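Peer 1: Before we start, here is the structure in question, set down as structure tokens.
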Protein chains: 4
Amino acid sequence: MSNTFGTIFRITTFGESHGPALGTVIDGCPSLIPVSENEIQTQLDRRRPGQNKLTTPRKEADKVRIISGIEKGQTTGAPIALLIGNTDTRPADYRRFSSVPRPSHADLTYFIKYGILPSSGGGRASARETVSRVAAGAVAEKLLSVRHGVHIVAWVSSVGQITAPDLIESAPTRALVDKFAVRCPDAKTAKEMTAEIENARNSGDSVGGIVTCLCRGVKAGWGEPVFDKLSAMLAHAMMSIPAAKGFEIGSGFSAARMRGSEHNDLFVKKGKRLGTVTNKSGGMQGGISNGEPIIFRVAFKPTATIAKEQETADFTGKLVKITGKGRHDPCVLPRAVPVVEAMTALVLADAALRHIPTK
Amino acid sequence: MSNTFGTIFRITTFGESHGPALGTVIDGCPSLIPVSENEIQTQLDRRRPGQNKLTTPRKEADKVRIISGIEKGQTTGAPIALLIGNTDTRPADYRRFSSVPRPSHADLTYFIKYGILPSSGGGRASARETVSRVAAGAVAEKLLSVRHGVHIVAWVSSVGQITAPDLIESAPTRALVDKFAVRCPDAKTAKEMTAEIENARNSGDSVGGIVTCLCRGVKAGWGEPVFDKLSAMLAHAMMSIPAAKGFEIGSGFSAARMRGSEHNDLFVKKGKRLGTVTNKSGGMQGGISNGEPIIFRVAFKPTATIAKEQETADFTGKLVKITGKGRHDPCVLPRAVPVVEAMTALVLADAALRHIPTK
Amino acid sequence: MSNTFGTIFRITTFGESHGPALGTVIDGCPSLIPVSENEIQTQLDRRRPGQNKLTTPRKEADKVRIISGIEKGQTTGAPIALLIGNTDTRPADYRRFSSVPRPSHADLTYFIKYGILPSSGGGRASARETVSRVAAGAVAEKLLSVRHGVHIVAWVSSVGQITAPDLIESAPTRALVDKFAVRCPDAKTAKEMTAEIENARNSGDSVGGIVTCLCRGVKAGWGEPVFDKLSAMLAHAMMSIPAAKGFEIGSGFSAARMRGSEHNDLFVKKGKRLGTVTNKSGGMQGGISNGEPIIFRVAFKPTATIAKEQETADFTGKLVKITGKGRHDPCVLPRAVPVVEAMTALVLADAALRHIPTK
Amino acid sequence: MSNTFGTIFRITTFGESHGPALGTVIDGCPSLIPVSENEIQTQLDRRRPGQNKLTTPRKEADKVRIISGIEKGQTTGAPIALLIGNTDTRPADYRRFSSVPRPSHADLTYFIKYGILPSSGGGRASARETVSRVAAGAVAEKLLSVRHGVHIVAWVSSVGQITAPDLIESAPTRALVDKFAVRCPDAKTAKEMTAEIENARNSGDSVGGIVTCLCRGVKAGWGEPVFDKLSAMLAHAMMSIPAAKGFEIGSGFSAARMRGSEHNDLFVKKGKRLGTVTNKSGGMQGGISNGEPIIFRVAFKPTATIAKEQETADFTGKLVKITGKGRHDPCVLPRAVPVVEAMTALVLADAALRHIPTK
């Protein structure tokens, strides 16, 4: 396994869905950054299960405990260890699956790779693992905000067949995003998305979607070509999130259908700096931030656990019929929002520290 | 900059578009793998400029020279250094751009980050950089083929408005792909794509597209969750290729519109192993290969250099009119095919070496 | 800071001397290795303060708690998080030093680097940090023992002016080493060393010494030239231990005085393998293990905290007189033994996993 | 193998003793650092074989060629590739050893690890590999000198039984060191050392020794605890040099015999900063530089190749008599001096770039 992410601002995460606790160690965070448990908790609460009717009924307080690296409200330069206890574990829900690998889950591949059937839930493959990412991301975000004035906001831009209008220009706030349980900051679309999710759940099914992320305030110059371009690091980070199936930056897949004359971002003076008239590039050129907003999208598949009956092979190859147990979201999108924000913050904090200014 | 990629099978690349040579050092390749200069040359020839009328007229022999690490036709375990000389450099073509950052190129971001205007071409931001990737990829591919029976093939599945039918099932060979200059192994589509590219060039323009990649023979168990999932490493690798704008695996962005009951890959016995009936997952679950073919797509933007006049700001902010000089492909897709294959081979070779089998 | 060590078998440690807990996350440990809390505890108990009259009177149970990565007594392949709580913290002891950097401690350099005066004790610079290393080392040792038959044993070979005879040939066991509080497995020398330490303490002073380490059962072939030679990795590991001042392997510094004809280890058949008649090389050639026992020595300085009055500058530069408070060992050597063993195990476990066998 | 060293300022070296060329790629060097081929050549010339009667008669011009990363006399931020051709190769000298592993060489361990008998010389185990280190070190040194005012000088402080007086206080220059072929800047000792070496050679033997290194101008704050302490990184770097057997910093092994009251470095005001009265710590506390000169020593074994007859086993285990062929130095010390300086520069340049200043 590889549970460390980042080069200078580096996180190492641990913990399983149904063990005593999950957590993260952040190494390489500069000292003297003000961070409180409350600030970390705020993002954890946004990811927390059971926060509304669209999410799993599993109840977890997800209270974070700072074990090291933060003293008197500021970072000390030492590794920051954060611990989040599990409380509402129900390993029994998963017992019956021990003989059947759940379709589109990682039960089979984990068994092949590690020789072990996790006694409960998906072990490290459970989306509960992302709680560690969100806790670490909150610290990264604080660094980015205090030192660099960066603002990151993500929202659900698509659920199943429902797609929100382009909201980039309106630069929605997190407060606005959170006004809607589905985390789409467009009232009309939010309503339709909610219906789409409820409809899926009511038919014992689940549904996929897309998260859009917007980062403002990133100065020009971040990103390390040729292999650790900002686009490549964001893609790496996003595609490591459970259920992610696709990543695109700026114009993304639509660029494939364009001509150069439509796609090129022409330069124009914006105050003291050179900016671009359009932003097909999504905030970077050559993998280095250019001072324009960074924009990307992440596609998520529908939740693999569904109540509908499925016919699938057990570990011996015999076909059996299963129906999903366990407590799961019919749509991961609303809770994926803080996870996307966290991974973005981790990439940007690392990029900020890796960048060596000239002179 | 960060010019090293990989954890165990690691490459470090160097060289600029208009300097004396480019090259790569491969560290961590096991010993006793048979590799010849010819095998490396074969892939370089597929990436070589000037190979047909669809590509830049720049002439480069791109002859590879093995400097170290291979003796008597096999690897020794020592670092493998490969050198590819530049011959047809024309820095003069680029001189006039020194006062104007080319739109959707990296001139401005490199200047901001490194304080330097490359005297010629795009320096490390030039697509010529990919010659090092292809050379290294050929060695990785040999390792994958000899030790693991892995086969990688990529092709152009979309150019501008033209999209090829789904060719996954037909598993085209490289020989078939290469029968068409545009590298789409479907005769009818290839003809239309060629027309689309010529049309773009004739109007002083360029056009984008999509490469599809298929990997067969990858055993179950490769990939290192939670951060270095195979999907995440492939995304990282692909999005580091110049002009890449999007990445999707298996069902990709279309998963966002699906229900779980359509998307789940049900298990079924296939010979001695458990396989899946469908392959929406694209060959992996939880970021670990599952024994099914690995399938992904990469979107590329249209070439930024176009002959059409563009109005854009110079470094001082003054609006000027420019028309593209230099020798460039009107569509990067055909030559992107071996680059995608190379980066795929590098990811898979590293994954193979990182995987620790049980017992 | 950099609190991660290792390439494949990687540990990340955290925690301060006077915070709530210390710990470690082990990432990259293969699955199915049997490990129990008891086995980890055994080594922690050997490092534990207050275990006898030669060590600091600070009382810490140092009970380890497994948070993740071990289920039903064996590793799962997931990151292994281990937590060790602090109980007997006395930050008040250190309060008065906040205005005076303690001589030969890291108070000043930490203040310069991180802008912070640790509220208590040495923060990450405290030797208490090594508890995380010992916990992680116990897991590494289990892997080495179960999979490779490696045995590591270290002992105190020198304290101040007292030096033990060469005990390599006798290959002492840990049980024998532990029969003596001073951890020198030669009864006569142990008695003299004990007197030397008590003498130092009685005069309000402290004393340095040397640990010798012997590793048997390491197969030929481990170590990654040219930069991660086994000798280089051991040196890195040992010199990262608090108070370490020197490292030598095999003949070490005495090699500098020798002729080649005395120093060369001639080959001779040993069973089925080629061995060497002598072992000046200390178990490796060219940084790769050769199948002979690995032997090295680590020099430690005398504890910096002493009861004797010292005249030194405070942070403003004013000369003041200080006498040591806090609870410290008059000689770190006996408790350094399990720390040296742990770091050795971490280096060897990583080397074992990094080694790619031919074919 | 692992041929990359460094975290931000990272080098990757390649090439064998008897192949076409050796070289290095430096990745992570900041842009706008002035470097010329001449500056790199100067240090290569100090390492060059055949420079005087104390060294091997092998003749190598060791002319460096800059392949990339330096334009118009300054770094561009791109990877710097340096190539040094081999000219005077004599693989025939080594042919006869193919059946006998040379004692205290790496022939056997390389064969076991890589399954290959290098056709000539020691392959990557040859000391010729260090030419890449010296070339890279020259660039690192330029960075340290231009940006940080750091000065590194090493000299031979001991050869066999001959030991120079302590020359730290006199801070010898490289020019003074180079006045003596043996590179000991004390005329009387240099003469004795020269006699010791000639005496060894005349009796068909070789002799070991010690290099002392002094770094002035290193600001307080460099080094990354707890694992990448400056002392640990220097130890790693030095012990990776061929023939190195021991490393000690500041008081080193002599600290083991001292009391705390003799060993502690008391603080005192030095201009605007706090310095220490003595420097037993060797320029760092807690692994972080403290502004005092950094001082360490590296022990080297006598050259393994000797003309004297040795009885040793061949690969089949049969005892045979061999006498050394090939061209080798009777004492590696004089030529080890620039290698020690280079590795020191690499460690310090990386430490400078890794250090994150507060605010």
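The values are calculated or read from the model by the stated rules, or taken from the named source; none is laboratory data. Keep in mind the model is a prediction, meaning the values are calculated, not measured. Methodologically, a virtual Cβ is constructed for each residue, glycine included, from the backbone with ideal geometry; neighbour enumeration extends over all protein chains shown. Each accessible area value is taken on the protein alone, full model and side chains, heavy atoms only, with ligands, DNA and RNA left out. Shrake-Rupley method; radii C 1.70, N 1.55, O 1.52, S 1.80 Å.
Peer 1: For the structure I just gave you, tell me whether C:GLU169 is modelled with pLDDT of 95 or more and either of a type in the set (D, E, K, R) or more than 22 Å from C:THR303 (Cβ to Cβ) (or both).
Peer 2: Taking the combined requirement at face value, the residue does not satisfy it.
Peer 1: What number of residues in the stretch B:260-283 are within 7 Å of another protein chain (Cβ to nearest Cβ) and buried (at least 21 other Cβ atoms within 10 Å of the Cβ)?
Peer 2: So the first thing to find is which residues in the stretch B:260-283 are within 7 Å of another protein chain (Cβ to nearest Cβ), and the list is B:260-261, B:263-269, B:274, B:281.
In the following step, the residues that additionally are buried (at least 21 other Cβ atoms within 10 Å of the Cβ) were identified as B:260, B:263-265, B:267, B:274, B:281.
The total comes to 7.
Peer 1: Is it true that some residue in the stretch D:230-241 is part of a strand (DSSP E or B) and either open to solvent by 10 Å² or more (accessible area, probe 1.4 Å) or more than 7 Å from chain C (Cβ to nearest Cβ) (or both)?
Peer 2: No, that holds for no residue.
Peer 1: Show the residue pairs that are 6+ apart or on different chains and have beta-carbon atoms under 8 Å apart, the first residue being within the stretch A:104-118 and more than 7 Å from chain B (Cβ to nearest Cβ) and under 20 Å from C:LYS72 (Cβ atoms), the second being of a type in the set (Gly, Ala, Ser) and assigned to a loop (DSSP other than H, G, I, E, B).
Peer 2: A:ASP107/A:GLY122; A:ILE116/C:SER31; A:ILE116/C:GLY77
Peer 1: Working only within the stretch C:252-284, note down all residues that are touching a Pro at 6+ places or on another chain (Cβ under 9 Å) and part of a strand (DSSP E or B).
Peer 2: C:ARG259, C:PHE267, C:LEU274, C:THR276
Peer 1: Name the pairs: first residue in the stretch A:287-298 and at negative phi, second residue among the charged types (D, E, K, R) and surrounded by 24 or more Cβ atoms within 10 Å (Cβ to Cβ), Cβ to Cβ under 6 Å, at least 6 apart or on different chains?
Peer 2: Partner pairs satisfying both residue conditions: A:ILE288/B:LYS113; A:ARG297/A:GLU248.
Peer 1: Could you go through the stretch D:214-223 and let me know if any residue there is part of a strand (DSSP E or B), over 30 Å from C:LEU108 (Cα atoms), touching a Pro at 6+ places or on another chain (Cβ under 8 Å) and not acidic (Asp, Glu). Before you say what the answer is, go through the steps one by one.
Peer 2: Step one: of the stretch D:214-223, the residues part of a strand (DSSP E or B) are D:214-216.
When the remaining residues are screened for being over 30 Å from C:LEU108 (Cα atoms), the result is none.
No, the stretch D:214-223 contains no residue that is part of a strand (DSSP E or B), over 30 Å from C:LEU108 (Cα atoms), touching a Pro at 6+ places or on another chain (Cβ under 8 Å) and not acidic (Asp, Glu).
Peer 1: While we're here: Looking at (1) among the hydrophobic types (A, V, I, L, M, F, W, C); (2) surrounded by fewer than 21 Cβ atoms within 10 Å (Cβ to Cβ); (3) touching a Phe, Trp or Tyr at 6+ places or on another chain (Cβ under 7 Å), can you tell me which one A:LEU176 breaks?
Peer 2: Condition not satisfied by A:LEU176: (3).
Peer 1: Is there any pair with a first residue in the stretch D:202-229 that is at the interface with another protein chain (Cβ under 7 Å from one of its Cβ atoms) and a second that is basic (Lys, Arg) and open to solvent by 10 Å² or more (accessible area, probe 1.4 Å) whose Cβ atoms are under 6 Å apart and which are 6 or more apart or on different chains, and what are they?
Peer 2: That search, which allows pairs on different chains as well, returns D:ASP205/C:ARG259; D:ASP205/D:LYS308; D:VAL207/C:ARG259; D:GLY208/D:LYS301; D:ILE210/D:ARG297; D:GLU224/D:ARG354.
Peer 1: Let me ask you something else. Go through the stretch C:176-195 and give me each residue that's touching a residue at least 60 places away in the same chain (Cβ under 8 Å) and in a loop (DSSP other than H, G, I, E, B).
Peer 2: C:ALA181, C:VAL182, C:ARG183, listed by residue number.
Peer 1: While we're on this one: Have a look at C:ALA127, C:ALA140 and point out the one that is in contact (Cβ under 8 Å) with a residue 60 or more places away in the chain and surrounded by fewer than 23 Cβ atoms within 10 Å (Cβ to Cβ).
Peer 2: After ruling out the rest, the residue left standing is C:ALA127.
Peer 1: Name the residue that is most open to solvent (accessible area, probe 1.4 Å), counting only residues in the stretch D:8-39 that are among the hydroxyl-bearing types (Ser, Thr, Tyr) and touching a Gly at 6+ places or on another chain (Cβ under 8 Å). Give the derivation first.
Peer 2: Applying the first criterion (among the hydroxyl-bearing types (Ser, Thr, Tyr)) to the stretch D:8-39 yields D:12-13, D:17, D:24, D:31, D:36.
With touching a Gly at 6+ places or on another chain (Cβ under 8 Å) added as a condition, the list becomes D:13, D:17, D:31, D:36.
Working: D:THR13: 0, D:SER17: 5, D:SER31: 7, D:SER36: 44 Å².
Ranking the qualifying residues of the stretch D:8-39, first place goes to D:SER36.
Peer 1: Among the numbered criteria (1) in contact with a Phe, Trp or Tyr (Cβ under 6 Å, 6 or more places away or on another chain); (2) within 23 Å of A:LYS229 (Cβ to Cβ); (3) buried (at least 20 other Cβ atoms within 10 Å of the Cβ), which one does B:LEU117 miss?
Peer 2: (3)
Peer 1: Sticking with this structure for a sec: Can you name the number of the only condition in (1) closer than 27 Å to A:GLU309 by Cβ; (2) within 7 Å of another protein chain (Cβ to nearest Cβ) that B:LYS245 fails?
Peer 2: It is condition (1) that B:LYS245 fails.
Peer 1: Within the stretch C:16-36, which residues are at the interface with chain A (Cβ under 7 Å from one of its Cβ atoms), part of a loop (DSSP other than H, G, I, E, B) and either under 26 Å from C:LEU117 (Cβ atoms) or within 20 Å of the chain's Cα centre (by Cα) (or both)?
Peer 2: Residues satisfying the conditions are C:GLU16, C:GLY19, C:PRO20.
Peer 1: Where residues in the stretch A:158-169 are in a loop (DSSP other than H, G, I, E, B) and either open to solvent by 80 Å² or more (accessible area, probe 1.4 Å) or charged (D, E, K, R) (or both), which of them is farthest from the other protein chains (Cβ to nearest Cβ)?
Peer 2: Step by step, filter the stretch A:158-169, then rank; the result is A:GLU169.
Peer 1: Residues that are farther than 19 Å from D:SER240 by Cα and free of Cβ contacts under 8 Å to residues at least 24 places away in the same chain: does the stretch D:2-16 have at least one?
Peer 2: No, every residue in the stretch D:2-16 fails to be farther than 19 Å from D:SER240 by Cα and free of Cβ contacts under 8 Å to residues at least 24 places away in the same chain.
Peer 1: Specify the residue that is farthest from the other protein chains (Cβ to nearest Cβ); the eligible residues are those in the stretch D:293-313 that are out of contact with any His (no Cβ under 8 Å at 6 or more places or on another chain) and surrounded by 24 or more Cβ atoms within 10 Å (Cβ to Cβ).
Peer 2: Checked the stretch D:293-313; the qualifying residue farthest from the other protein chains (Cβ to nearest Cβ) is D:ILE294.
Peer 1: Which count do you get for residues in the stretch A:61-77 that are in a loop (DSSP other than H, G, I, E, B) and touching a residue at least 40 places away in the same chain (Cβ under 8 Å)? Steps first, answer last, please.
Peer 2: Start the filter on the stretch A:61-77 by keeping residues that are in a loop (DSSP other than H, G, I, E, B), which leaves A:61-63, A:69, A:72-73, A:76-77.
Then drop every residue that is not touching a residue at least 40 places away in the same chain (Cβ under 8 Å), which leaves A:62, A:69, A:76-77.
Summing the residues that are in a loop (DSSP other than H, G, I, E, B) and touching a residue at least 40 places away in the same chain (Cβ under 8 Å) in the stretch A:61-77 gives 4.
Peer 1: Can you pull out the residues in the stretch C:330-346 that are open to solvent by less than 20 Å² (accessible area, probe 1.4 Å) and within 11 Å of another protein chain (Cβ to nearest Cβ)?
Peer 2: Scanning the stretch C:330-346 gives C:PRO330, C:CYS331, C:LEU333, C:MET343, C:LEU346.
Peer 1: Just to be sure before I move on: is B:GLY217 open to solvent by 10 Å² or more (accessible area, probe 1.4 Å) and at positive phi in the structure I sent?
Peer 2: yes
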